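Heads up, the thing below is written out as structure tokens.
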Amino acid sequence: MPFFPVSRDEALQLGWSELDIIFVSGDAYIDHPSFGIPLLARLLESRGFRVGIIPQPDWRVKESFMVLGRPKLFFAVSAGAMDSMVAHYTPAKKLRRDDAYTPGNRHGARPNRASIVYTSRLKEAFKDVPVILGGIEASLRRFAHYDYWEDRVRRSILFDAKADLLVYGMGEHPLLEIAEGLRRGEDLAGLHNVRGTAWIGDNIRLASLPGTVCSLPGWEEVSADKRAFANAFRLTEQQMNSLSGSVVVQKHGDRYLICNPPAIPLTQPEMDAVYALPFEKAPHPSYTEPIPACEQIRSSITTHRGCMGGCAFCAIAHHQGKIVQSRSETSILQEVRKLASFRWFKGTVTDLGGPTANMYAARCRDEEALRKCQRPSCIYPTHCNNLRVADREPANLLKKARNISGVKHVAVASGVRFDLFLHQPEYLRELLTHHVGGLLKVAPEHLVNAVTNRMRKPGRDVFVRFLENFRAETARLGKRQSLVPYMMSGHPGCTLSDMVDAALSLKRLGLKVEQVQDFTPTPGSLSTCIYYTGLDPYTGESVYVAKTDREKSLQKSLLLYHIPEEREAVLKALKLSGREAVAQELLSRCKSEKVSVGKRRNVRRK
């Protein structure tokens, strides 16, 4: 089937008078495995389910949710590839004017808190049809969580949405198990033990839970007591291991959120099978305007899932898991060949990677140790002795991909960990020789160790060592290539004086920043917990947090010291931090600086 039906007429053309499962999505329908809804729909289709998709319905009227009729089994709801509040607002809480997941890049095609609104409309239209929540918005808001946009602790999204079940993390295993159970005639209540799901229960259900149960401080308690909130975060992070995590419960009033252990990661054959499904890698033909997100990822290939980095400000591990799940080389190269066969393919694979490209084929050497592991990061504060970082495998993958007929260039755009390159000389050489278009982008995020420790990122010395290796290797290859650092401002633990030191380090290293990320407290991350509570949940110590718009703006300006328009703000920041003595050094021109700044409009990262 080229595309899943998005209307009753399209379903009838397929001979379907009734669908089994209907997905409702906050994104436009792009039939590409980089998007969760089409990927899950293809998987369910391969198991004989009749599936339809309602993309970006008008949430103001229930009729928009009735265009495919009543599904036989259930509705599956996702806010989209991003949390709807992140999609709508900047870190300064200003309304965005665009939406890359919408035709024409237009803002306003989805509501705030889309998971809640969509479920409400579905319950209004079909009261007796089960609604299952999923996607990153539901996944990261499954427990009581701090909401930056309301500046308060909200209860689990499952209570506010009033859905019947929530699937968190990567949904293949749990959603397939639920769909097959309902097809057999089982009741949804009988599927409450499915891993990777959360549901609402009472005291009777709580008493009947098997095995070990981890009890969190309740919603009322974490709303009133920041230390209780910090403790709840620490407990949930300790249950992230999909091989050993237990049931986690959190009281909300007289009911309980009951969260089952994470789903077991896909095996390599399962990963290969999913990505071999017949994706069109194109938007639904009903769209007449380009969709920016599609243009960005259409020629990309996903090599793996999961991230072992455990960065404090990132929630990937809370959603995809810490265990890196890699596809086979054969599977990936087959997808590259298929990509090269499309008429629209112009010869460039725009990305060959995953959450972090050079984590491909990384694994734990000790399966028994992995089952018991509670480390949130395999590489911070030190590299785990059981970690095997692959070098030959990702290097060979790049070599073989670029030699496929019809492929002119293979880019690595999904980000790399510079600290891993110390263990990957072959991959770094291949990357710099054939896959960098003059600029290699890496993300030290900061260059003051006290701040990078809060971020769970490698410190300044590791970055400087990598920079030296990069410049030496570039010189050996006879290439003119530069390094562009991504930096973050406003992160918990960072003061104005820390940012002055970071700017000075950039200056002395001959680097200029092209993109600055202003820290946004998004649900599910350690950094968000610290931002809200002002506490380190593991040590209980107080942590400085910049919360005023003025200070956060000044921190960003310091990283952009080289831009004339930022000079006045930089001088103000130096005065406030008592660092006026370094003004001449920081603001003077430096001939040794090696990275040219991009167009001014691209300087500030959203």
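The values are calculated or read from the model by the stated rules, or taken from the named source; none is laboratory data. Computed from a predicted model, the values in this text were never measured in an experiment. Note: ideal-geometry Cβ built from the backbone for every residue, glycine included; neighbour counts use all protein chains shown.
Quick notes on this structure:
- The lone exception for residue 48 - which of (1) assigned to a helix (DSSP H, G or I); (2) on the phi > 0 side of the Ramachandran plot it fails: (1)
- Qualifying residues in the range 118-134 (those that are buried (at least 20 other Cβ atoms within 10 Å of the Cβ) and among the β-branched types (Val, Ile, Thr)) - the one nearest to the chain's Cα centre (by Cα): 132
- Condition met for residue 441 (in contact with a strand residue (DSSP E or B) (Cβ under 6 Å, 6 or more places away or on another chain), assigned by TED's automatic domain parsing to the domain that holds residue 515 and surrounded by fewer than 21 Cβ atoms within 10 Å (Cβ to Cβ)): yes
- Taking first residues from the range 141-160 that are at pLDDT 95 or above and partners that are surrounded by fewer than 20 Cβ atoms within 10 Å (Cβ to Cβ) and in a loop (DSSP other than H, G, I, E, B), the Cβ contacts under 7 Å between residues at least 6 apart in sequence or on separate chains come to 149/93.
- Enumeration of residues in the range 458-501 that are within 27 Å of residue 579 (Cβ to Cβ) and part of a loop (DSSP other than H, G, I, E, B): 458, 459, 490, 491, 492, 493, 494, 495
- Scanning the range 34-45 for residues that are not in a helix (DSSP H, G or I) and not hydroxyl-bearing (Ser, Thr, Tyr) returns a single hit, 35.
- Hits in the range 348-364 (condition: part of a loop (DSSP other than H, G, I, E, B) and basic (Lys, Arg)): none
- The helices (runs of 4 or more DSSP H) found wholly in the range 155-263 and carrying at least 3 residues that are farther than 30 Å from residue 531 by Cα occupy 172-183, 203-207.
- Number of the exception - residue 334 against (1) within 23 Å of the chain's Cα centre (by Cα); (2) in contact (Cβ under 8 Å) with a residue 12 or more places away in the chain: (1)
- Some residue of the range 489-507 being touching a Pro at 6+ places or on another chain (Cβ under 8 Å) and crowded, with 18+ Cβ neighbours inside 10 Å: yes
- Within the range 62-101, being of a type outside the set (Asp, Glu), farther than 17 Å from residue 23 by Cα and part of a loop (DSSP other than H, G, I, E, B) holds for 90, 91, 92, 93, 94, 96, 97, 100.
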